[in-house]
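Chemist: Below is a structure I'd like to ask you about.
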Amino acid sequence: MSTANRVDVIEDFLKKVRVINQRGVDRAALKDIVVLLEALAERRDLFNFEQFPAPVPGQGSTAFRYRLNDDGDTPTLYLNSLLPGKSTLPHNHETWAIISAVEGEEINYVYARSDEGREPGYTTLHLQSEVVVQPGTSISFLGEDLHGIRVDGEQATLHFHLYGLPLESLNGRYGVEADGRILNYNASQMAPSIKAYP
């Protein structure tokens, strides 16, 4: 498949997502978008390690994030590849978010936040659930939902990450250190995306 065909498939997908997004996204709307994103994840002729290589172990980066569109402040689609051993701090997204797998497994730890009794700038997290994102099993979040991830096993991941707004524009995202300290997630944790659109 050519790059032009991939661009057309992405644009067709995003048109459908924009219709839902314009109505307002709640948990029910997220389920509708998950169906669309899982169908896109089945297009392994367009989205695979050949066209979107994983990081090479031992060569620096343990994560690549390919940005697949740039339409200003509208839903933004990324394709992430993480190496085994990669993990993140618990964090929010500030906008709705969905992760669907093309290849590989990623453990998502979903948290609830409690600030009761903590000093400003700190919080306490409680693990609510664990979800293994893999082909056919996605996870979705509203803006203030919190999760952290870890990749185990031997295989790199190739997962779609779809956000209501571009990650690069979200200056209010925060992460939580093991001791409960809150930090700016984008400023301290986020590497630049790799442009993968015309």
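The values are calculated or read from the model by the stated rules, or taken from the named source; none is laboratory data. Keep in mind the model is a prediction, meaning the values are calculated, not measured. When we count neighbours, we look across all protein chains shown, and the Cβ atoms used for this are built from the backbone with ideal geometry, even at glycine. Remember, those area values only see protein heavy atoms, side chains included, never the ligands or the DNA or RNA. Shrake-Rupley method; radii C 1.70, N 1.55, O 1.52, S 1.80 Å.
Chemist: Counting residues in the stretch 6-87 as N, plug N into 2.2 N^0.38 Å and put the Cα Rg over that result. Mind showing how you got there, number by number?
Modeler: Numbers: Rg = 14.7 Å, N = 82, 2.2 N^0.38 = 11.7 Å.
For the stretch 6-87, the normalised Cα radius of gyration comes out at 1.25.
Chemist: Taking a label point 7 Å from the Cα of residue 63 along the Cα→Cβ vector, which residues of the stretch 138-162 have an amide N closer than 18 Å to it?
Modeler: What the label zone holds, given the 18 Å backbone N cut-off, is 139-162.
Chemist: Going by alpha carbons, how many degrees (0 to 90, nearest 10) lie between the helix axis of 3-23 and the longest principal axis of the chain?
Modeler: That helix lies at roughly 50 degrees to the long axis.
Chemist: Skip the ligands, DNA and RNA, and give the accessible area per residue of the stretch 159-198 with a 1.4 Å probe, whole Å².
Modeler: Working: 1870 Å² over 40 residues.
Per residue, the stretch 159-198 has an accessible area of 47 Å².
Chemist: May I ask you to give the average projected area over all directions of the convex hull of the Cα atoms of the stretch 22-138, in nm² rounded to one decimal?
Modeler: Numbers: hull surface 39.4 nm².
For the stretch 22-138, the mean projected area of the Cα convex hull comes to 9.8 nm².
Chemist: Taking the stretch 1-71, which trypsin sites (Lys or Arg not before Pro) meet the DSSP loop condition and have no more than 16 other C-beta atoms within 10 Å?
Modeler: Details: sites: 6, 15, 16, 18, 23, 27, 31, 43, 44, 65, 67; in loops: 43, 44.
Answer in residue order: 43, 44.
Chemist: Leaving out ligands and nucleic acids, and using a 1.4 Å probe, what accessible area per residue does the stretch 4-90 come to in Å²?
Modeler: Values: 4390 Å² over 87 residues.
Using a 1.4 Å probe on heavy atoms only, each residue of the stretch 4-90 averages 50 Å².
Chemist: Now for a separate question. Under a point spin-label approximation (7 Å from Cα along Cα-to-Cβ), what is the residue 20-residue 116 distance to one decimal in nm?
Modeler: Between residue 20 and residue 116, the label points sit 3.5 nm apart.
Chemist: Next question. Please grab the % of Cα pairs in the chain that end up more than 24 Å from each other. It would help to have the intermediate numbers written out before the result.
Modeler: Values: 7456 of 19503 pairs.
Value for the chain (Cα pairs over 24 Å): 38 percent.
Chemist: So what's the stretch 126-170 giving for Rg/Rh, alpha carbon basis, Kirkwood Rh from the mean inverse pair distance? Mind showing how you got there, number by number?
Modeler: Values: Rg = 12.4 Å, Rh = 12.9 Å.
Ratio of gyration radius to Kirkwood radius for the stretch 126-170: 0.96.
Chemist: Rounded to whole Å, give me the distance from the Cα center of the stretch 64-125 to that of the stretch 1-42.
Modeler: Computed from Cα coordinates, the inter-centre distance equals 19 Å.
Chemist: Okay, next question. Between exposed GluC sites (Glu not before Pro) in the chain, where DSSP calls loop and at most 11 other Cβ atoms lie within 10 Å, what's the longest gap? Intermediate values should be presented prior to the final figure.
Modeler: Values: sites that count: 50, 116, 144, 154.
Here the longest segment lacking exposed loop sites spans 51-115.
Chemist: Taking Cα atoms, how many degrees apart are the long axis of helix 27-41 and the longest axis of the chain, rounded to 10 and kept between 0 and 90?
Modeler: 40 degrees
Chemist: Next question. Using only the Cα atoms of the stretch 106-198, what are the Rg and Dmax in Å?
Modeler: For the stretch 106-198, the Cα-based Rg and Dmax read 14.9, 50 Å.
Chemist: Counting only protein heavy atoms and a 1.4 Å probe, tell me what percentage of the stretch 21-180's accessible area is made up of carbon and sulfur.
Modeler: Numbers: 3440 of 7300 Å².
Exposed carbon and sulfur together represent 47 percent of the surface.
Chemist: Given points 7 Å out from each Cα along the Cα-Cβ axis, report the residue 132 to residue 194 separation in nanometres with one decimal.
Modeler: That separation, rounded to one decimal, is 2.7 nm.
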